[in-house]
């Protein structure tokens, strides 16, 4: 065996990985991929016979592979060398990563929009939709030719058949040259994009926009697209947001200190710092604002926008439809505000049924 | 357990190969048998008793068949042995289909899941019994050695189909492969794993991306090309991994593929594709039926029998049966009508086309799906959306085609032999790339669950 350098190297590599996997403490979550990782499953005879234990062990070996992030990046680099630009269902165009949107479903948009219309009808309140398109829709020239993309304008028109849709897309289109309205490595809109969304929402809500405050800037932001396709050498983004100081945040009834999570800002998924990530019910309070309540149904696209809108209302109550389990009609009727603003990424509307599945609709 | 899972790579493979290496001879077979049982039980523990029972029957029948004085009812004994094996195969693999054709008992059949590797297991055992019956090998006396031969994990679930005669000597010596065997075994294993993980898996994604384009003729043909490459590299990868692991354990497994897409004729293709299976059908079905020695009509009949069975072996559905018949037609036309009348290049191209159209049948889930695919392949519609995917997978295709060219592969092998450092770098590099792909990828299918 001594004269088998190749065999010994490969076996050594595998054994080294095995030992580190067994000895090193398991990681709870992958910040890069933004998901929970499988832990070592406890052995049970039943689990072995049914195959569940085996499946979990296979998943554990993959999830807890030592140097996993390095291996994932190596795989992305390999795909890049082969000229592939659609790894991890993200499409690369130069320094930008885009969502592959050919699987988006008009039916899903229709059902969610219909549910919003039903909410308007059952509560007697005005419900309008601020749907944020994806970066590919605003910067099509950066997307590789003939990429599998969906027509987002058509999806917005589909939604508009059911419910008033705020004219966000034209506003974004007229501002797209001035500044990048989206992050290159993340699916969210940038600080500039959020400003456009803010003015659009103000116009619809009859508010006059307040001047922009000095924004916070955090370089080295690698977002969700990057997590799915961590291409080595891709420059990071700078996370930009401007949060007013006189707005207070409480999550599921518990008051937080400040509007963002300083711990998350130090991690990979910096966007999760905004409003401490996504929660079923949050409330923003602004004592200096006049009376009034704004009710919001949201996904994470609203997290950078709500603090700006909060300056105009004493209360902003926001429900994340993906986590909310109570009856939405009863919930909305508890509040006096006459408008329900739905702030959603078009992606979320077109790939899931979170609004449609809300209790009470 | 699959070779391309991290559990296998990180735990099973190093542990088994190293422990086996250092064990004294009397424990080597029993250890390998136990390891193979764990390997098999990993996916399907409930089937182990079935396989153990078959193993006992095969060993007993073989032993009895090999008695020096031929026992009375020699033939009947062989029949019983074959019946047990093919009966199990028939029951688990084909009863659902056959009952469905008859229109009865569909519910009963739906609950039967196919035990992994049963087609390989039973064929290997049946071949052994026939060999012993014919007197071409002496029966294995030790049940442990026999179990090791049949159950040996490298070839248990995806071939190659090994003859007892090929392994007999290795089963009865202290297996201690030298440095050269260990190195070349590991290099082969890394190459096979790369064929599966770095070529076949992404080619499978390419197939799906092109298929998703629907009615687009170039897309449909690209999907067929992608699938043709996927199934080759997948199957090749498993076989080469088996040969590599076998070598690290001190066994020599037969080669299962020899550049099939470089075949000059369809006959030639089947001398290069899944060689151990076509060899099995040749030796145990075609030649006993008389082969080509009993006149044209009988030869055609024999071919029909062999190729229907070959098709049906790959899965219990009309599509597989038709796939076999398709080869019967191609081979008959080639043998009796064309002979050598076609220009060589044209014959080569037609062969490749015939093989690819065969895969369209093979990949389709039922005849209606095949008909849909066929319509797409000849829809004469063109869409620009194929262009993105064409560029996306262009390099992968080139790589795949390159590894189908015998000269290219042989040159690479020659270089690896001449420069050990180059082989070291390639093997370690491929292993790292495979680990990277496995760490992330969710698409890692096992294609032979219907075999």
Residue B:115 vs. criteria touching a helix residue (DSSP H, G or I) at 6+ places or on another chain (Cβ under 9 Å), surrounded by fewer than 24 Cβ atoms within 10 Å (Cβ to Cβ), in the same structural domain as residue B:40 (by TED's automatic domain parsing) and under 22 Å from residue B:12 (Cα atoms): yes
Pairs, first surrounded by fewer than 13 Cβ atoms within 10 Å (Cβ to Cβ) in region A:324-339, second modelled with pLDDT of 90 or more, C-beta under 6 Å, six or more apart: A:336/A:293
The lone exception for residue B:357 - which of (1) within 10 Å of chain A (Cβ to nearest Cβ); (2) part of a helix (DSSP H, G or I) it fails: (1)
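Yes or no, residue by residue, for (1) crowded, with 19+ Cβ neighbours inside 10 Å; (2) free of Cβ contacts under 8 Å to residues at least 60 places away in the same chain; (3) closer than 30 Å to residue A:75 by Cβ:
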| residue | (1), (2), (3) |
| --- | --- |
| A:151 | no, yes, no |
| A:170 | no, yes, no |
| A:177 | no, yes, no |
| A:194 | yes, no, no |
| A:199 | no, yes, no |
| A:205 | no, no, no |
| A:212 | no, yes, no |
| A:215 | no, yes, no |
Odd one out for residue A:125, checked against (1) closer than 19 Å to residue A:351 by Cα; (2) surrounded by 15 or more Cβ atoms within 10 Å (Cβ to Cβ); (3) more than 23 Å from the chain's Cα centre (by Cα): (1)
Test for residue B:178: is it within 14 Å of another protein chain (Cβ to nearest Cβ) and surrounded by 24 or more Cβ atoms within 10 Å (Cβ to Cβ): no
Wholly enclosed helices (runs of 4 or more DSSP H) of region B:1-95 bearing at least 3 residues away from chain A (no Cβ under 13 Å) and modelled with pLDDT of 90 or more: B:25-44, B:48-65, B:74-89
Scan of region A:141-174 for residues that are within 14 Å of chain B (Cβ to nearest Cβ) and either modelled with pLDDT of 95 or more or at positive phi (or both), ordered by number: A:146
Test set (1) at pLDDT below 95; (2) more than 29 Å from residue B:312 (Cα to Cα) - residue B:433 fails condition number: (1)
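So that you can scan it fast, the table gives a plain yes or no per residue for (1) touching a helix residue (DSSP H, G or I) at 6+ places or on another chain (Cβ under 8 Å); (2) closer than 30 Å to residue A:48 by Cβ:
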| site | (1), (2) |
| --- | --- |
| B:3 | yes, yes |
| B:14 | yes, yes |
| B:64 | yes, no |
| B:82 | yes, no |
| B:102 | no, no |
Candidates A:29, A:91, filtered to the one that is farther than 30 Å from residue A:164 by Cβ, without any contact (Cβ under 8 Å) to a residue 40 or more places away in the chain and within 18 Å of the chain's Cα centre (by Cα): A:29
Residue match in region A:73-88 (condition: loosely packed, with under 14 Cβ neighbours inside 10 Å and either under 29 Å from residue A:180 (Cβ atoms) or within 12 Å of chain B (Cβ to nearest Cβ) (or both)): yes
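Residues are listed down the side, and each one gets a yes or a no for (1) under 18 Å from the mean Cα position of the chain (by Cα); (2) closer than 27 Å to residue A:265 by Cβ; (3) in a loop (DSSP other than H, G, I, E, B):
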| position | (1), (2), (3) |
| --- | --- |
| A:146 | no, no, yes |
| A:150 | no, no, yes |
| A:154 | no, no, no |
| A:178 | no, yes, yes |
| A:194 | yes, yes, no |
| A:217 | no, yes, no |
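Here's the yes/no breakdown for (1) buried (at least 20 other Cβ atoms within 10 Å of the Cβ); (2) more than 30 Å from residue A:62 (Cα to Cα); (3) touching a residue at least 12 places away in the same chain (Cβ under 8 Å); (4) assigned by TED's automatic domain parsing to the domain that holds residue B:189:
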position: B:31; (1), (2), (3), (4): no, no, yes, no
position: B:34; (1), (2), (3), (4): no, no, no, no
position: B:44; (1), (2), (3), (4): no, no, yes, no
position: B:48; (1), (2), (3), (4): no, no, no, no
position: B:58; (1), (2), (3), (4): yes, yes, yes, no
position: B:63; (1), (2), (3), (4): no, yes, yes, no
position: B:73; (1), (2), (3), (4): no, yes, no, no
position: B:83; (1), (2), (3), (4): no, yes, no, no
Selection count, region A:235-252, where residues are assigned to a loop (DSSP other than H, G, I, E, B), in contact with a strand residue (DSSP E or B) (Cβ under 8 Å, 6 or more places away or on another chain) and over 20 Å from residue A:312 (Cβ atoms): 2
Failed condition for residue A:91, given (1) surrounded by fewer than 15 Cβ atoms within 10 Å (Cβ to Cβ); (2) within 11 Å of another protein chain (Cβ to nearest Cβ); (3) over 20 Å from residue B:9 (Cβ atoms): (1)
Elements of type helices (runs of 4 or more DSSP H) contained in region B:380-434, each with 2 or more residues being away from every other protein chain (no Cβ under 14 Å) and without any contact (Cβ under 8 Å) to a residue 40 or more places away in the chain: B:406-418
Elements of type helices (runs of 4 or more DSSP H) contained in region B:164-263, each with 1 or more residues being out of contact with any helix residue (DSSP H, G or I) (no Cβ under 9 Å at 6 or more places or on another chain): B:164-171, B:179-194
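The values are calculated or read from the model by the stated rules, or taken from the named source; none is laboratory data. These figures come from a predicted structure and were not determined experimentally. Note: ideal-geometry Cβ built from the backbone for every residue, glycine included; neighbour counts use all protein chains shown.
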